[in-house]
Amino acid sequence: VGDIHLGRRPGHLPEALRESPWSPADLGPGAAWRVTVDYALSQQVAAVVLAGDVVDCVDDRFEAAERIESGLAALREAGIPVFAVVGNHDVEALPRTAALVSGFHLLGRGGWERRQVTCAGGETFYLLGWSFTNQKEYSNPVAQLSPADVEPADGPTLGVLHCDLGATGGPYAPVPRRHLDEGPAGRADAWFLGHIHKPSDLKSPRPVGYLGSLSGLHPGEPGRHGP
């Protein structure tokens, strides 16, 4: 799941909405999260994985905790774990939110971290994640990845990262595109990214790109969104 931004309200909604049965809350991140949980339950997924910017800002952490907890309760009952990396927006809010709820695992807060996940049928895969520790991260986190972080593995490795893909510099974890295809990162079977709200085409045999935002947050984010 890409950027959710719990706490943010969709902007510039049409005036006609006032005369409809819909409210702004029905179109916002909280409603999209509820639909995502229902989808995960119906598909009996092995895990739910969040690619950062789950919470819009630290002031939204209590509202976010309430909304996340309601979804986590249903996922816990179904035996579905939830993992997340921290993005630039929720570097303070997400760890505080995670401390308020159970069954919520943050990946890579002290550097790259790999977690094994076992599916109901016994198949195993690995999540490889790295989290923001400051609102601005000028270094390339992929340059810190070592072969030991990726191997050995008895199942697929799926990388999860909040970053600025294709950038050579900047404050949001810049990662040149080729760095996900070379070295230790190139051994991962996929890279699912957060930060950019427009989703990438992830249909290739080795998908690498952005998940996009979970819901459109303003008129500049049209098109398909979702988990």
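Summary table
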quantity: Given (1) open to solvent by 70 Å² or more (accessible area, probe 1.4 Å); (2) of a type in the set (Lys, Arg); (3) not in a helix (DSSP H, G or I), index of the condition Arg34 fails; calculated: (3)
quantity: Pairs where the first residue, in segment 100-112, is assigned to a loop (DSSP other than H, G, I, E, B) and the second is small (Gly, Ala, Ser), C-beta under 6 Å, 6+ apart; calculated: Val101/Ala65; Leu107/Gly129; Gly108/Gly129; Gly108/Ser131
quantity: Positions within segment 96-143 being out of contact with any strand residue (DSSP E or B) (no Cβ under 6 Å at 6 or more places or on another chain), at pLDDT 90 or above and among the polar types (S, T, N, Q), in sequence order; calculated: Thr133, Asn134, Gln135, Ser139
quantity: Search result, residues across segment 158-186 that are assigned to a helix (DSSP H, G or I), within 18 Å of Gly108 (Cα to Cα) and out of contact with any Pro (no Cβ under 6 Å at 6 or more places or on another chain); calculated: Leu180, Ala185
quantity: Candidate set: segment 121-130, residues that are open to solvent by 10 Å² or more (accessible area, probe 1.4 Å) and not charged (D, E, K, R); chosen: the one nearest to Asp59 (Cα to Cα); calculated: Trp130
quantity: Pick from segment 158-177, criterion open to solvent by 30 Å² or more (accessible area, probe 1.4 Å) and touching a His at 6+ places or on another chain (Cβ under 7 Å), ranking: nearest to Glu137 (Cα to Cα); calculated: Tyr172
quantity: Hits in segment 131-157 - residues which are open to solvent by 30 Å² or more (accessible area, probe 1.4 Å), in contact with a Pro (Cβ under 9 Å, 6 or more places away or on another chain), closer than 23 Å to Arg206 by Cα and in contact (Cβ under 8 Å) with a residue 12 or more places away in the chain; calculated: Ser146, Pro147, Asp149, Glu151
quantity: Matching residues, segment 129-157, being touching a Leu at 6+ places or on another chain (Cβ under 7 Å) and either aromatic (Phe, Trp, Tyr) or assigned to a strand (DSSP E or B) (or both); calculated: Gly129, Trp130, Thr157
quantity: Count of residues meeting criterion [in a loop (DSSP other than H, G, I, E, B) and closer than 19 Å to Phe125 by Cα] in segment 187-202; calculated: 3
quantity: Considering residues of segment 70-120 that are touching a Pro at 6+ places or on another chain (Cβ under 8 Å) and of a type in the set (A, V, I, L, M, F, W, C) only, the residue surrounded by the fewest Cβ atoms within 10 Å (Cβ to Cβ); calculated: Val117
quantity: Segment 2-31 - residue that is open to solvent by 40 Å² or more (accessible area, probe 1.4 Å) and acidic (Asp, Glu) and, of those, nearest to Asp56 (Cα to Cα); calculated: Asp26
quantity: Filter result (surrounded by 12 or more Cβ atoms within 10 Å (Cβ to Cβ) and either free of Cβ contacts under 8 Å to residues at least 12 places away in the same chain or of a type in the set (A, V, I, L, M, F, W, C) (or both)) within segment 39-50; calculated: Ala40, Leu41, Val45, Ala46, Ala47, Val48, Val49, Leu50
quantity: Among the residues listed as Leu217, Leu180, Leu193, the single one being modelled with pLDDT of 95 or more, within 24 Å of Pro10 (Cα to Cα) and open to solvent by less than 30 Å² (accessible area, probe 1.4 Å); calculated: Leu193
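The values are calculated or read from the model by the stated rules, or taken from the named source; none is laboratory data. For clarity, every value in this text was computed on a predicted model and none was experimentally measured. Neighbour counts are summed over all protein chains in view; Cβ atoms, including those assigned to glycine, are modelled from backbone coordinates with ideal geometry. Accessible surface is based on the protein model in full, side chains and every heavy atom, while ligands, DNA and RNA are left aside. Shrake-Rupley method; radii C 1.70, N 1.55, O 1.52, S 1.80 Å.
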